[in-house]
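One structure is given below, encoded as structure tokens.
The values are calculated or read from the model by the stated rules, or taken from the named source; none is laboratory data. Source: prediction; values computed, not measured. So basically every Cβ, Gly included, is an ideal-geometry build from the backbone, and we count neighbours across all protein chains shown. Just the protein is used for accessible areas: all its heavy atoms, side chains included, with ligands, DNA and RNA removed. Shrake-Rupley method; radii C 1.70, N 1.55, O 1.52, S 1.80 Å.
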Amino acid sequence: MVRALALLDAFGIEDSHLSLAELARRTALPKTTVFRLAHTLAQAGYLVQLENAGWRLGPAAAWLSARYHVAFDLHDVLEPILRDLARATGETTSFFAHDGNSRVRLIRVRGHDDFASSSRVGQSLPLTKGSAGKVILAFEGEPGAQFEQIRRQGYWCTLAEMHPGAASVAAPVFGGSWKVIGALCVAGPADRLGLKELEAYAPAVMQAARKASGALAMSGASRRAPSGKGHAMLSPRRP
């Protein structure tokens, strides 16, 4: 893995392509090893072999770069909003990005009691469990009475659904053309936060989510976000 990454790192800003010999020289690897690694990277789209036997970076490398820049834009826009929401509620707040058929916790801001569920920043979670996942599904147009209710009220609460002992309330965040790109969430321990407490937080969560949607629209970050299966594909950064 490290040697394969060294091949990608061998390309400079001004290098449109590199020969096999130059790749071997820059990485200090045998040509046979470089050739084998280059073909493996080409199969994944990170390198492309040219007709003159040279190599250039492939579309997967550009995709990775685009996700990196979008993730930083999103952090710059969303983290202050999450911090304000954490201060207002005293609870842990998170942004979950819609990533294909799952959701990824991209940002987390701890509350006063330092509550954190067992899922990590960057971990993929199902859309079918937890308030954030169900909010994303609802505003993607998922049919069913429960999702109709979510769309009507603009938020959803869950108790110990994704993680035992955790309770949360979430609202959708939209990007360009009102496409849902994720959800803002307030969470805490289920032995302290019941449905009544979560419902009380819902207006603040929805207000923060609307603010996030507007800020993303103004920044253009959501419009620049690449997508997979129609959804934002983002790389996490630990706060």
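Structure notes:
- Area of Ser213 that stays accessible when all protein chains are in place (1.4 Å probe, Å², to 10): 10 Å²
- Taken one residue at a time, the phi angles of segment 110-115 give Karplus couplings (6.51, -1.76, 1.60, θ = phi - 60°) of 6, x, 4, 8, 6, 5 Hz. Gly and Pro are set to x.
- Taken about its Cα centre, segment 78-195 carries a charge dipole of about 120 debye when Lys and Arg each add +1 at the Cβ and Asp and Glu each add -1 at the Cβ.
- The HN-Hα couplings worked out from phi for segment 15-26 by the Karplus form 6.51 cos²θ - 1.76 cosθ + 1.60 (θ = phi - 60°) are 8, 6, 7, 9, 6, 4, 5, 5, 4, 5, 5, 6 Hz, whole numbers, x standing for Gly and Pro.
- Ranked by how many other beta carbons lie within 10 Å on average, peptides 200-207, 15-22, 135-142 from highest: 135-142, 200-207, 15-22
- The length gained by stretching the chain between Arg3 and Ser177 to full extension, at 0.36 nm per residue less their Cα-Cα distance, is 58.4 nm.
- When you count the other C-beta atoms within 10 angstrom of each residue and take the mean per peptide, 156-166, 31-41 line up highest first as 156-166, 31-41.
- Whole-angstrom gap from segment 1-15 to segment 131-175, using each part's C-alpha centre: 42 Å
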